[in-house]
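The values are calculated or read from the model by the stated rules, or taken from the named source; none is laboratory data. These numbers come from a predicted model, not from an experiment. Here the Cβ positions follow ideal geometry from the backbone for every residue, glycine too, while neighbour counts run over all protein chains shown.
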Amino acid sequence: MGALRGLLLDLSPLRGREFRLLFLGQLVSFFGSMITFVALPFQMYDLTGSTLAVGALGACEFVPIVSVALVSGALADALDRRRLVLISELGSAVVMAALLANSLLDAPHAWVLFACAALLAGFYALLRPPLDSLVPRVVPREQLKAAMALEWVRGNVGMIAGPALGGVLIAAFGVTLTFGIDLATFLVSLAFLSVMRASPPPPDADRPSVRSIVDGLRYAGSRPELLGTYLVDVNAMFFGMPQALFPAIADDYGGAEVLGLLLAAPAVGSLVVALLSGWTRHVHRHGRAVALAASGWGVAIVAFGFADALWLALLCLGVAGAMDAVSGLFRSVMWNETIPDRLRGRLAGVEMISYTSGPTLGNFEAGAVASFAGVRASIVSGGVMCVAGTAVLVALLPAFWAYDARRHAAVGAPEGAGREPAA
């Protein structure tokens, strides 16, 4: 029984009031966002019949993410992080209202979908740096791995339940209801955020400026082990992200319900890893774990490309999701344990670019390759390139492969970090 408990998810961070409120609010909000995650590409494919148009949704998201994330990171180091999260959730709610209104038209406009995808990406880029850098402030350093695992559980519960329910709702009622539900979940998140305590910056925080952004980029560039986490993930997602092809694949297997299953399958594997994440406390060579998991993602995507039955395709995607969870968990721990608090917002902006630019550009790449080479060729070639690219990056960044957490002292936690403030 002791060995079993050592494997199970550690719930201790939820005892803290601030983390608990943040966790619950984002659990509800992300669930709604994952319903829209199905509805938006489904509506685009329904309106255009084009995999390239679905992939172009990702291209529309790329520019706002890159342009906003670094600025948001600088703001997160200089302003109240909780307030920035609240503002971004409010903005996303307004965009969802626009998607809802467009879906009520007799002839919904595809250009509205592109515009709203870009705006949602911009508000998401405003959200993530303050959100990611807020977590280490509300949990003790010794609970960071447990907190990161809980964050993965939260995300993957949303990624399983949201797409699965979204596919059923779209098939039964259309996209209008799904957009309405997402709007409601943003309002719930705003309620949780409104009762959290403020998270003001330290008195000596750098003012947001181009120079402060450059300082953050310079710091990231000085840490080859951090560069490895960024580049390995970008490589894996750029070449091995076939989600833009899911509507076309689902169309062959049965439609919207199958699309929800395809989108949810990676999260099932990821959730299994997160629920059994107790073993991660015994792993210290985090760079090696990230690289091997990224390669595992590529191999699973190749297998998915060759799958000739729905159950086998879902199984391959589940394995891919498990590998992504292992990679993501250790990337998060490397970031949160070694980056100083005064730079966490700016580095969270860099991190966000790394883990979002890969999928957004990768979806466009997958759609473009599929448009002239076919769906299966796009998926298989992407998985192969993922594995090859990971091997090249490991060779170019030996410090990343050799990273050992036991040799890196805690430099990120400020005095009092993770302790509940007095009521």
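Residues that are on the phi < 0 side of the Ramachandran plot and either in a loop (DSSP other than H, G, I, E, B) or at pLDDT 90 or above (or both) do not occur anywhere in the range 51-59.
Residue-wise test of (1) part of a helix (DSSP H, G or I); (2) farther than 18 Å from Val290 by Cα; (3) free of Cβ contacts under 8 Å to residues at least 40 places away in the same chain.
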{"site": "Ala325", "(1), (2), (3)": "yes, no, no"}
{"site": "Arg342", "(1), (2), (3)": "yes, yes, no"}
{"site": "Thr360", "(1), (2), (3)": "yes, yes, no"}
{"site": "Glu365", "(1), (2), (3)": "yes, yes, no"}
{"site": "Val369", "(1), (2), (3)": "yes, yes, yes"}
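For the range 90-114: of the residues being free of Cβ contacts under 8 Å to residues at least 40 places away in the same chain, more than 16 Å from Tyr45 (Cα to Cα) and in a helix (DSSP H, G or I), which is farthest from the chain's Cα centre (by Cα)?
Just the residues of the range 90-114 that are free of Cβ contacts under 8 Å to residues at least 40 places away in the same chain, to begin with: 91, 94-95, 98, 101-102, 105-107, 109, 111-112.
From what is left, the residues that are more than 16 Å from Tyr45 (Cα to Cα) are 91, 94-95, 98, 101, 105-106.
So of that shortlist, the ones also in a helix (DSSP H, G or I) come out as 91, 94-95, 98, 101.
Values: Gly91: 19, Val94: 21, Val95: 20, Ala98: 24, Ala101: 27 Å.
Step by step, filter the range 90-114, then rank; the result is Ala101.
Restricting the range 285-301 to residues that are surrounded by fewer than 20 Cβ atoms within 10 Å (Cβ to Cβ) and in contact with a helix residue (DSSP H, G or I) (Cβ under 7 Å, 6 or more places away or on another chain), which is farthest from Pro398 (Cα to Cα)? The residue in question is Val299. Apart from one condition, Gln143 fits all of (1) farther than 24 Å from Val210 by Cβ; (2) out of contact with any Pro (no Cβ under 7 Å at 6 or more places or on another chain); (3) at pLDDT below 90; the exception is (2).
Within the range 183-272, considering only helices (runs of 4 or more DSSP H) that don't extend past its boundaries, which have at least 2 residues that are surrounded by fewer than 24 Cβ atoms within 10 Å (Cβ to Cβ) and out of contact with any helix residue (DSSP H, G or I) (no Cβ under 9 Å at 6 or more places or on another chain)? Quick ask: steps written out before the conclusion?
Values: elements: 210-221, 224-240, 246-253.
Where helices (runs of 4 or more DSSP H) fall fully within the range 183-272 and carry at least 2 residues being surrounded by fewer than 24 Cβ atoms within 10 Å (Cβ to Cβ) and out of contact with any helix residue (DSSP H, G or I) (no Cβ under 9 Å at 6 or more places or on another chain), they are 210-221.
The criterion of being at pLDDT below 85, closer than 19 Å to Val175 by Cβ and in contact with a helix residue (DSSP H, G or I) (Cβ under 6 Å, 6 or more places away or on another chain) does not hold for Met148. Restricting the range 340-349 to residues that are at pLDDT 80 or above and out of contact with any Phe, Trp or Tyr (no Cβ under 7 Å at 6 or more places or on another chain), the residue that is farthest from Leu75 (Cα to Cα) is Pro340. Among the residues of the range 104-119, is there at least one that is at pLDDT 90 or above, under 29 Å from Val210 (Cα atoms) and touching a Ser or Thr at 6+ places or on another chain (Cβ under 9 Å)? Scanning the range 104-119 turns up at least one residue that is at pLDDT 90 or above, under 29 Å from Val210 (Cα atoms) and touching a Ser or Thr at 6+ places or on another chain (Cβ under 9 Å). Within the range 8-30, track down each residue that is touching a Lys or Arg at 6+ places or on another chain (Cβ under 7 Å) and buried (at least 19 other Cβ atoms within 10 Å of the Cβ). Glu18, Phe23, Gln26, Leu27, Phe30, listed by residue number. Selection of the range 40-52 for residues being buried (at least 19 other Cβ atoms within 10 Å of the Cβ) and over 18 Å from the mean Cα position of the chain (by Cα) yields Phe42, Gln43, Met44, Tyr45, Thr51.
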